[in-house]
1. So in the range 92-115, with the set limited to residues that are among the hydroxyl-bearing types (Ser, Thr, Tyr) and modelled with pLDDT of 95 or more, which one is farthest from residue 140 (Cα to Cα)?
2. Does residue 166 qualify as being at negative phi, assigned to a strand (DSSP E or B) and in the same structural domain as residue 83 (by TED's automatic domain parsing)?
3. Consider residue 52 carefully, then state whether it is modelled with pLDDT under 95 and farther than 25 Å from residue 164 by Cβ.
4. Pairs only if they're at least six apart or on different chains, beta carbon under 6 angstrom, first in the range 57-76 and farther than 12 Å from residue 192 by Cα, second surrounded by fewer than 18 Cβ atoms within 10 Å (Cβ to Cβ) and among the hydroxyl-bearing types (Ser, Thr, Tyr); list them, first residue then second.
5. Determine which member of the set 180, 191, 150 is surrounded by fewer than 19 Cβ atoms within 10 Å (Cβ to Cβ), modelled with pLDDT of 95 or more and either more than 18 Å from the chain's Cα centre (by Cα) or not charged (D, E, K, R) (or both).
6. Considering only residues of the range 129-147 that are among the small types (Gly, Ala, Ser) and not in a loop (DSSP other than H, G, I, E, B), which is surrounded by the fewest Cβ atoms within 10 Å (Cβ to Cβ)?
7. Could you please let me know if residue 168 is within 21 Å of residue 51 (Cβ to Cβ) and surrounded by fewer than 20 Cβ atoms within 10 Å (Cβ to Cβ)?
8. Report, by residue number, each residue of the range 123-146 that is without any contact (Cβ under 8 Å) to a residue 60 or more places away in the chain and either closer than 19 Å to residue 93 by Cα or not assigned by TED's automatic domain parsing to the domain that holds residue 195 (or both).
Amino acid sequence: MSGKLVWVALVVVVGTLSACHKNEKAAASAGDEQVFLTTKQFVIARARHGRAENPPCIRRGMEGVLDAAKGFATQQKPTSFGVIGKETPVTPIVLEDPRTSGGVSVIARSVSEELRGVKAETAKALAQEDYASCGTVAFLLPPNATQVRVVMSAANEDGNLQPCNVGQGDYMRCEIGDAVWTSFHEDRYLVATFKNWSETLDRTAKIDLFP
């Protein structure tokens, strides 16, 4: 009689463990739908501007996310930016193809650091114009990532991230003000640029990619 009771107890335990395992798998599957494909966060320094709304990046061309994404997708070569302001040639900075840099590459340039890197007369002329400090990030997406949901946000120095989801032309305006994101997705590449033109605040920029 005691042997039968032990056998029944074992069946109950095994059945319970099997049900728990199934529930855990279901929960994990549901959780997988919420995981990031990838994410990136960086800080962009304050800028200099007068009354201009959404002024250009100090490093010319960093807003050209469409050209960068298409260039990576079709030519698979780095994108470089070698001009500051409207027409001042400087040592190029390179946005590496994320295929060769671990799946993501980032460059960031502030107005203040660019002005420090040129002659005094050039810096003085550039300081009379309105420019944004900018950061550009390039992602290589997984082969099966045909649809990507992009969530962009930004924060002031308190670190409280706020959404950037108000469309304005090619840009998504940020709730913190004086900042926008712009992005473009081509094939397995997604390139996005964050622009900060606050004169007093450094900003934290964050971009999350979901399946």
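1. Going residue by residue through the range 92-115, those that are among the hydroxyl-bearing types (Ser, Thr, Tyr) are 100-101, 105, 110, 112.
Right, trim to modelled with pLDDT of 95 or more and you get 105, 110.
Working: 105: 9, 110: 25 Å.
Of everything passing the filter in the range 92-115, 110 is farthest from residue 140 (Cα to Cα).
2. Details: at negative phi: yes; assigned to a strand (DSSP E or B): yes; in the same structural domain as residue 83 (by TED's automatic domain parsing): yes.
Taking the combined requirement at face value, the residue satisfies it.
3. On the way: modelled with pLDDT under 95: yes; farther than 25 Å from residue 164 by Cβ: no.
No; evaluated as a whole, the condition is false for this residue.
4. none
5. Working: 180 fails: surrounded by fewer than 19 Cβ atoms within 10 Å (Cβ to Cβ); 191 fails: surrounded by fewer than 19 Cβ atoms within 10 Å (Cβ to Cβ).
Of 180, 191, 150, the one residue that is surrounded by fewer than 19 Cβ atoms within 10 Å (Cβ to Cβ), modelled with pLDDT of 95 or more and either more than 18 Å from the chain's Cα centre (by Cα) or not charged (D, E, K, R) (or both) is 150.
6. At the first step, the residues of the range 129-147 found to be among the small types (Gly, Ala, Ser) are 132-133, 135, 138, 145.
From what is left, the residues that are not in a loop (DSSP other than H, G, I, E, B) are 132-133, 135, 138.
Values: 132: 30, 133: 29, 135: 25, 138: 27.
Per the stated criteria, the residue is 135.
7. On the way: within 21 Å of residue 51 (Cβ to Cβ): yes; surrounded by fewer than 20 Cβ atoms within 10 Å (Cβ to Cβ): yes.
Criteria met by residue 168.
8. Matches in the range 123-146: 123 only.
The values are calculated or read from the model by the stated rules, or taken from the named source; none is laboratory data. Here the structure is a predicted model, which means the values were calculated and not measured. Glycine gets a Cβ as well: all are built from the backbone with ideal geometry, and neighbour counts include every protein chain shown.
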